[in-house]
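Nothing in this text is a laboratory measurement; each read-out follows from the coordinates by a stated rule. The structure presented is a predicted model; accordingly, all values stated were derived computationally and were not measured. Don't worry about glycine lacking a Cβ; one is built from the backbone with ideal geometry, like all the others, and counts go over all protein chains shown.
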Ligand SMILES: [Zn+2]
């Protein structure tokens with residue numbers, strides 16, 4: 001379990017920490033929220049790399065050159081650099097934290113259903129393998145809070161995109177739901193990761209209305225998001 005590695009610091013902000021989306025219409029508020037939150041964790045913003053997600057699946061390996069930067073058009077950040085914090089913003093999409101304790105490499109992926117359908121899991125694992133010679137069986141993964149099957153209702157065109165995973169399409173009272181966590185698990189196992197090294201938060205962002213923002217639940221004019229982070233000491 002990722003939590004059992006003391007050299008890894010990872011987590012997700014909560015509603016009480018405020019809005020964290022970088023492209024917010026209130027950049028001053030977001031900047032202050034981020035400053036306070038990172039400060040409370042002892043994370044130096046100058047040593048953080050933030051990704052703002054793309055359409056499609058884009059993976060980027062980053063190093064000290066990218067410290068302090070906001071990188072647009074990227075869904076997954078990967079690094080071997082100690083002390084560099086990777087971050088993404090999420091509100092219903094799953095933050096997926098990866099760690100290879102053998103090669104000492106971390107990654108953070110922003111996984112919405114489009115990303116999962118687009119192969120973000122395989123793309124991330126391949127980035128570990130190609131750039132750092134990681135072995136899939138060594139990877140430790142934590143899938144953070146996201147919109148779970150209790151609330152991820154979809155139209156038929158979305159369900160059809162996951163037709164190869166019929167076990168994770170749930171029909172309930174005339175409505176269709178997708179168990180994205182189940183699909184993520186299936187893809188991780190298919191890629192060669194070991195079940196005991198995968199952990200899933202049981203929390204649903206929609207259900208946990210005091211704790212998390214949820215785009216699906218709140219339907220705000222502007223997306224309000226949490227920040228997910230990981231770093232290697
Ligand atoms: Zn729910």
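The translational diffusion coefficient of region 73-122, from Stokes-Einstein at 37 °C and 0.692 mPa s with a Kirkwood hydrodynamic radius over alpha carbon pairs, comes to 285 µm²/s.
Sorted fewest first by neighbouring Cβ atoms within 10 angstrom, 195, 114 come out as 195, 114.
The listed peptides 30-40, 100-110, 72-82, ordered by packing as a protection proxy, come out as 100-110, 72-82, 30-40 (highest mean of other Cβ atoms within 10 Å first).
With just the Cα atoms defining each centre, how far is region 149-197 from region 83-114? Give it in Å. So the separation of the two Cα centres works out to 20 Å. Let a ≥ b ≥ c be the square roots of the eigenvalues of the Cα gyration tensor of region 114-201; is it rounded (a/c under 1.5), or, if not, prolate (a/b larger than b/c) or oblate? Note, shape of region 114-201 comes out prolate. With the simple model of a label 7 Å out from the Cα in the direction of the Cβ, residue 29 to residue 104 spans 4.2 nm.
Return the percentage of antiparallel bridges among DSSP beta bridges fully within the chain, rounded to the nearest 5 %. Write out the running numbers ahead of the final one.
Details: 32 of 46 bridges.
Roughly 70 percent of the DSSP beta bridges within the chain come out antiparallel.
Relative to one another, the C-alpha centroids of region 51-77 and region 212-233 are positioned 17 Å apart.
Using the Cβ-Cβ distance between residue 196 and residue 41 with R0 set to 35 Å, the FRET efficiency from 1/(1 + (r/R0)^6) comes to roughly 0.80.
Just checking the listed ones, 64, 22, 41: in the Gaussian network model of the chain with Cα springs under 10 Å, the one fluctuating most is 41. When DSSP beta bridges are restricted to pairs lying wholly in region 7-143, around 60% turn out antiparallel. Here the Gaussian network model covers the chain, with springs between Cα atoms less than 10 Å apart; of 47, 15, 175, 175 fluctuates the most.
Is the shape of the chain best called rounded, prolate or oblate, per the rule: a/c under 1.5 gives rounded, else a/b larger than b/c gives prolate, else oblate, with a ≥ b ≥ c the square roots of the Cα gyration tensor eigenvalues? Taking the square roots of the gyration eigenvalues as a ≥ b ≥ c, the chain is oblate. FRET efficiency for the residue 186 to residue 221 pair, using the beta carbon distance and R₀ = 30 Å, is estimated at 0.25.
Cβ-Cβ distance of residue 69 and residue 7, R₀ of 30 Å, FRET efficiency by 1/(1 + (r/R0)^6): the value works out to about 0.80.
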